[in-house]
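One structure is given below, encoded as structure tokens.
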Ligand code: DX5
Ligand code: ZN
């Protein structure tokens, strides 16, 4: 499968959000990546339900919602109603991760788990068959525009090997500091979904930059 590109709307111009969502719609990108931050799990607060509802009115491509929040179980039903296609929770924020993943699938969404840079892959060893996507954070979550943590590339390769051995079918997503300088290596290592915020939205020509990321590692 060719890898997918998910531009992160955190790097969009919120005063022109409709325009930026339309740009992603017109582009060769695959998903909209939508970062929800609660000011507790991460220091920052981004946006919530009313904004996502508005994005959904412009978006026909799937919404890939990344919850950087404590106790995300409280909102699974809300995000299902907002038509999230993928709902990703942090392993570090879920005491009962197995139950949370089941509830996300039950609500009709793909279940994702994100791992902070310091969280070992063993954290998800017992739920490999219960998830549809693993998001490896390549920065400490909370802010766009941070530097890519190089160890992530080998983490992707190790996770791809674990997936093979287990015969599991989840997608491997990489989030944070992804751009033309590391996209090829990540795809070669086994990444299926590249999230890209600053590298896309701060580019002079975002449509062309998405094409560069789409062609990387092929
Ligand atoms: C970080 C967010 C990322 C962020 C990526 O906490 O989860 O999705 O928007 O932004 P860049 O690509 O600028 O690192
Ligand atoms: Zn994200």
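The values are calculated or read from the model by the stated rules, or taken from the named source; none is laboratory data. Everything numeric here is computed off the predicted structure, so don't read it as measured data. Cβ coordinates were reconstructed from backbone atoms using ideal geometry, including for glycine residues, and neighbour counts include every protein chain displayed.
Restricting the first member to segment 9-29 and to residues that are without any contact (Cβ under 8 Å) to a residue 24 or more places away in the chain, and the second to residues that are surrounded by fewer than 19 Cβ atoms within 10 Å (Cβ to Cβ), the beta-carbon pairs closer than 9 Å and six or more apart or on different chains are 19/13. Any residue at all in segment 143-153 that is within 16 Å of ligand 2 (Cβ to nearest atom) and assigned to a helix (DSSP H, G or I)? Yes: segment 143-153 contains one or more residues that are within 16 Å of ligand 2 (Cβ to nearest atom) and assigned to a helix (DSSP H, G or I).
Here's a check for you: in segment 8-25, which residue that is outside any helix (DSSP H, G or I) and away from ligand 2 (no atom under 11 Å from the Cβ) is surrounded by the most Cβ atoms within 10 Å (Cβ to Cβ)?
12
Only residues that are within 17 Å of residue 136 (Cα to Cα) and away from ligand 1 (no atom under 16 Å from the Cβ) were counted across segment 165-183, and they come to 3. Entry remark, segment 128-143: residues being crowded, with 20+ Cβ neighbours inside 10 Å and either over 28 Å from residue 11 (Cα atoms) or touching a helix residue (DSSP H, G or I) at 6+ places or on another chain (Cβ under 7 Å) (or both) number 4 in total.
The residue that is nearest to the chain's Cα centre (by Cα), among those in segment 156-194 that are closer than 17 Å to residue 129 by Cα and surrounded by 21 or more Cβ atoms within 10 Å (Cβ to Cβ), is 173. Which of the numbered conditions does residue 28 fail, given that it passes all the others? Conditions: (1) part of a loop (DSSP other than H, G, I, E, B); (2) away from ligand 2 (no atom under 16 Å from the Cβ); (3) modelled with pLDDT of 95 or more; (4) closer than 24 Å to residue 115 by Cα. Here residue 28 clears every test but (4).
When the residues of segment 92-124 are narrowed to those that are part of a helix (DSSP H, G or I) and within 16 Å of ligand 1 (Cβ to nearest atom), which ends up surrounded by the fewest Cβ atoms within 10 Å (Cβ to Cβ)?
At the first step, the residues of segment 92-124 found to be part of a helix (DSSP H, G or I) are 92-93, 97-106, 121-124.
Still in the running and within 16 Å of ligand 1 (Cβ to nearest atom): 92-93.
On the way: 92: 17, 93: 21.
It comes out as 92.
Considering each residue of segment 154-177, count those that are assigned to a strand (DSSP E or B) and touching a helix residue (DSSP H, G or I) at 6+ places or on another chain (Cβ under 7 Å), and give that number. Break it down into steps so the answer makes sense when it comes.
The first filter runs over segment 154-177 and keeps only residues assigned to a strand (DSSP E or B), leaving 171-175.
Still in the list and also touching a helix residue (DSSP H, G or I) at 6+ places or on another chain (Cβ under 7 Å): 172, 174.
Looking only at that region, the number is 2.
Of the set (1) farther than 19 Å from residue 38 by Cβ; (2) under 17 Å from the mean Cα position of the chain (by Cα); (3) surrounded by 15 or more Cβ atoms within 10 Å (Cβ to Cβ), all apply to residue 147 but (3). I'd like to know if segment 131-145 contains one or more residues that are in contact (Cβ under 8 Å) with a residue 40 or more places away in the chain and away from ligand 1 (no atom under 15 Å from the Cβ). Yes: segment 131-145 contains one or more residues that are in contact (Cβ under 8 Å) with a residue 40 or more places away in the chain and away from ligand 1 (no atom under 15 Å from the Cβ).
Residues in segment 151-207 that are without any contact (Cβ under 8 Å) to a residue 24 or more places away in the chain and at positive phi: 167 only.
Being touching a strand residue (DSSP E or B) at 6+ places or on another chain (Cβ under 8 Å) and either closer than 16 Å to residue 183 by Cα or surrounded by fewer than 24 Cβ atoms within 10 Å (Cβ to Cβ) (or both) is the filter here, so list the residues in segment 26-35 that pass it. If you could, list the steps in order and put the result at the bottom.
At the first step, the residues of segment 26-35 found to be touching a strand residue (DSSP E or B) at 6+ places or on another chain (Cβ under 8 Å) are 27-35.
Scanning segment 26-35 gives 27, 28, 29, 30, 31.
Summed over segment 185-218, the residues that are within 12 Å of ligand 1 (Cβ to nearest atom) and part of a loop (DSSP other than H, G, I, E, B) give a count of 3.
For every residue, the table says whether it meets (1) within 16 Å of the chain's Cα centre (by Cα); (2) within 16 Å of ligand 2 (Cβ to nearest atom); (3) assigned to a loop (DSSP other than H, G, I, E, B).
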{"site": "36", "(1), (2), (3)": "yes, yes, no"}
{"site": "43", "(1), (2), (3)": "no, yes, yes"}
{"site": "53", "(1), (2), (3)": "no, no, no"}
{"site": "74", "(1), (2), (3)": "no, no, no"}
